[in-house]
Every structure is written in structure tokens, then in C-alpha cells.
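Notes to accompany the following structure.
Read-outs throughout are calculated quantities, based only on the coordinates presented, and are distinct from any laboratory measurement. What you see is a predicted model, and the numbers here were worked out from it, not measured in a lab. When we count neighbours, we look across all protein chains shown, and the Cβ atoms used for this are built from the backbone with ideal geometry, even at glycine.
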Amino acid sequence: MNNREGSGMRHPEWASAQRRSAAEWYRDGRTALAGVWAYFYGIGGDVDEMAVDAYLHELGELPPSQMNLLALAMRELDTEAMRELDSERMADT
């Protein structure tokens, strides 16, 4: 069965691509692991910091719901960082 959501199973290529994307985001140094995990946990993540660390280093997998929640956390962290940068730019003018 190739149902991505209904059965709880993900298409392997899609899951691999999402894991690679998360790992690239993490390697770019946008946020430290503790910050990523704390934000993820704060919005409902329910895997431990070690599981997130393994996932961000492409050494482990997460359940689909947790992958999606971590992706959301990373997008929201990026949005917050952009707002802070914009505020700093406005303060400099």
C-alpha cells in the first residue's frame, strides 16, 4: 500500500527527502539542538532529544506525525529568526 497518511506509512523516498532536508537545515547552524528540541516539544512533539538528534544527523527515523511536527518547528524557528533580523535592521536605520 502506498498510502502516505491513512495507514501511517510514508513513501520511503518522501521520508528520506524530508530527513535530508531537515539534516541540511540543522547543518546550516540555524538553531542549536536544544533549541530545536525545546521548540518541537513545546508545540506537541513527543520524542526525546536523542531521537531528534539522530534524525537531524540522518541516523534515525521518526514517526510521520513527529516528522511533520519537527518540520513545522523548523519553519516557525526560521520565521522567528527572520522577524528578529528585520527588527534589527529597522533599529539600525
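Fully extending the segment from GLU58 to GLU88 would add 7.4 nm, taking 0.36 nm per residue of separation and subtracting the current Cα-Cα distance. Near GLY29, once Lys and Arg are set to +1 and Asp and Glu to -1 for all other residues with Cβ below 15 Å from its Cβ, the sum equals -2. As a length-normalised measure over Cα pairs under 8 Å and 6 or more apart, the relative contact order of the chain settles at 26 percent.
Starting from the Cα gyration tensor of the chain, multiply each eigenvalue by 5, take the square root, and state the resulting semi-axes largest first in whole Å.
28, 14, 12
The string of couplings for region 45-52 from the Karplus curve (6.51, -1.76, 1.60, θ = phi - 60°) is x, 10, 10, 6, 4, 5, 5, 5 Hz, one whole number per residue in order, with x for Gly and Pro. Taking a Cβ cut-off of under 15 Å around VAL47, the surrounding Lys, Arg, Asp and Glu residues balance to a net charge of -4, with basic ones at +1 and acidic ones at -1.
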